[in-house]
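Trainee: What follows is a structure written as structure tokens; I'll ask about it next.
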Amino acid sequence: MNIPASALPTRRPALPVAGLVATALALLAASVAAQPAAPSLDAATLERATQLMVQAATAAAPAGARISASAGTLDPRLRLAACERIEAQLAPGAPNWGRTRVGLRCVQGPSAWNIYLPIQVSVMAPGLVASAALPAGTVIQPGHLVPGEVDWGADASPAMSDAGAAIGRTLLRPLGNGQALFSGQLKQRQWFAAGDTVRIVARGNGFSISGEGVALSNGLEGQAARVRTDNGRVLSGYAVAERRLEVAL
């Protein structure tokens with residue numbers, strides 16, 4: 001059977017490689033152009049926001065710490081109405097340093113809005129650094145740590161500055177030579193177990209009282225634990241030493 005040449009499918013000529021690359025670049029450029037641009041804030045607002053966090057960090061940091069802050073960028077999906085006056089305020093629950101945030105509120109404008117601006121706060125202060133590379137599982141001994149200046153905002157957990165609080169504890173992950181030590185890098189100590197008899201020290205404004213009780217939960221360093229006193233009262237406090245619980249009154 002003879003098929004007319006006009007009925008046969010025709011093959012489109014292949015685009016040259018250069019043409020394919022140019023087409024791909026054009027599509028990519030169009031895609032980038034279609035992405036919303038991050039909303040911008042004026043320099044005065046950014047300055048107020050960073051200075052607010054510097055003040056908060058200064059109040060909580062050790063004396064003599066060198067503190068600096070830099071503002072991040074807002075979520076590009078935000079659409080902010082024009083605002084004549086923006087107030088900066090501390091964000092509830094936000095940390096004083098490290099990766100944190102500041103609340104910004106439009107108080108004078110056609111449309112009120114409330115947003116959070118990311119802020120990175122650096123707090124350079126005395127701390128402990130490794131005197132040599134230490135692998136995970138190392139039990140900290142005298143000589144493993146030396147004093148140094150560290151950025152307290154480099155980790156979510158507190159920086160270690162007291163060698164006595166670190167000696168005898170186990171590293172959860174490797175620590176490089178000269179790297180700062182943070183409490184989150186150390187395995188928690190268990191000071192007592194549920195059912196143990198513990199010494200309770202209750203401290204108030206200018207006084208302290210002590211007694212004994214039975215632990216209702218394990219006493220892990222830095223975590224709350226509960227005990228029952230001899231008269232049946234249940235108290236909550238923090239395990240601070242071997243079979244010892246401190247309660248704030």
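Trainee: For the range 89-104, how many residues are within 10 Å of the chain's Cα centre (by Cα) and among the charged types (D, E, K, R)?
Mentor: The total comes to 1.
Trainee: In addition: Output the residues belonging to the range 41-91 that are touching a residue at least 24 places away in the same chain (Cβ under 8 Å) and of a type in the set (Ser, Thr, Tyr).
Mentor: Within the range 41-91, 45, 50, 68, 70, 73 qualify.
Trainee: Let me ask something else about it. Tell me, yes or no, whether the range 169-178 has at least one residue that is out of contact with any His (no Cβ under 7 Å at 6 or more places or on another chain), crowded, with 17+ Cβ neighbours inside 10 Å, modelled with pLDDT under 95 and basic (Lys, Arg).
Mentor: yes
Trainee: Moving to a separate point now. Condition (residue is surrounded by 15 or more Cβ atoms within 10 Å (Cβ to Cβ), more than 29 Å from the chain's Cα centre (by Cα) and modelled with pLDDT of 90 or more) applied to the range 151-162: is it met by at least one residue?
Mentor: Looking for residues that are surrounded by 15 or more Cβ atoms within 10 Å (Cβ to Cβ), more than 29 Å from the chain's Cα centre (by Cα) and modelled with pLDDT of 90 or more, one finds none in the range 151-162, hence no.
Trainee: Here's a follow-up. If we keep just the residues of the range 197-211 that are at pLDDT 90 or above and out of contact with any Lys or Arg (no Cβ under 6 Å at 6 or more places or on another chain), which is surrounded by the most Cβ atoms within 10 Å (Cβ to Cβ)? Full working, then the answer.
Mentor: Quick first cut of the range 197-211, residues at pLDDT 90 or above only: 197-201, 211.
Those still in the list that are out of contact with any Lys or Arg (no Cβ under 6 Å at 6 or more places or on another chain) too: 197, 200-201, 211.
Values: 197: 11, 200: 18, 201: 16, 211: 14.
My answer is 200.
Trainee: Suppose the filter is outside any strand (DSSP E or B) and modelled with pLDDT of 90 or more; does residue 236 pass it? Before you say what the answer is, go through the steps one by one.
Mentor: On the way: outside any strand (DSSP E or B): no; modelled with pLDDT of 90 or more: yes.
Criteria not met by residue 236.
Trainee: Looking at 82, 71, 91 in this structure, which one is touching a Ser or Thr at 6+ places or on another chain (Cβ under 7 Å) and assigned by TED's automatic domain parsing to the domain that holds residue 48?
Mentor: 71
Trainee: I'd like the full set of residues that are exposed (fewer than 12 other Cβ atoms within 10 Å of the Cβ), closer than 26 Å to residue 98 by Cα and modelled with pLDDT under 95, limited to the range 112-148.
Mentor: Within the range 112-148, just 114 meets the criteria.
Trainee: Is at least one residue of the range 144-151 touching a Ser or Thr at 6+ places or on another chain (Cβ under 7 Å) and free of Cβ contacts under 8 Å to residues at least 24 places away in the same chain?
Mentor: Going through the range 144-151, the residues touching a Ser or Thr at 6+ places or on another chain (Cβ under 7 Å) turn out to be 144-146, 151.
Still in the list and also free of Cβ contacts under 8 Å to residues at least 24 places away in the same chain: 144, 146.
Scanning the range 144-151 turns up at least one residue that is touching a Ser or Thr at 6+ places or on another chain (Cβ under 7 Å) and free of Cβ contacts under 8 Å to residues at least 24 places away in the same chain.
Trainee: Which of (1) over 28 Å from residue 98 (Cα atoms); (2) surrounded by fewer than 16 Cβ atoms within 10 Å (Cβ to Cβ) is the odd one out, the single condition residue 184 does not satisfy?
Mentor: (1)
The values are calculated or read from the model by the stated rules, or taken from the named source; none is laboratory data. Treat the numbers as computed from the prediction; the structure is a model and nothing was measured. Using ideal geometry, Cβ is built from the backbone for each residue, glycine included, and neighbour counts are taken over all protein chains shown.
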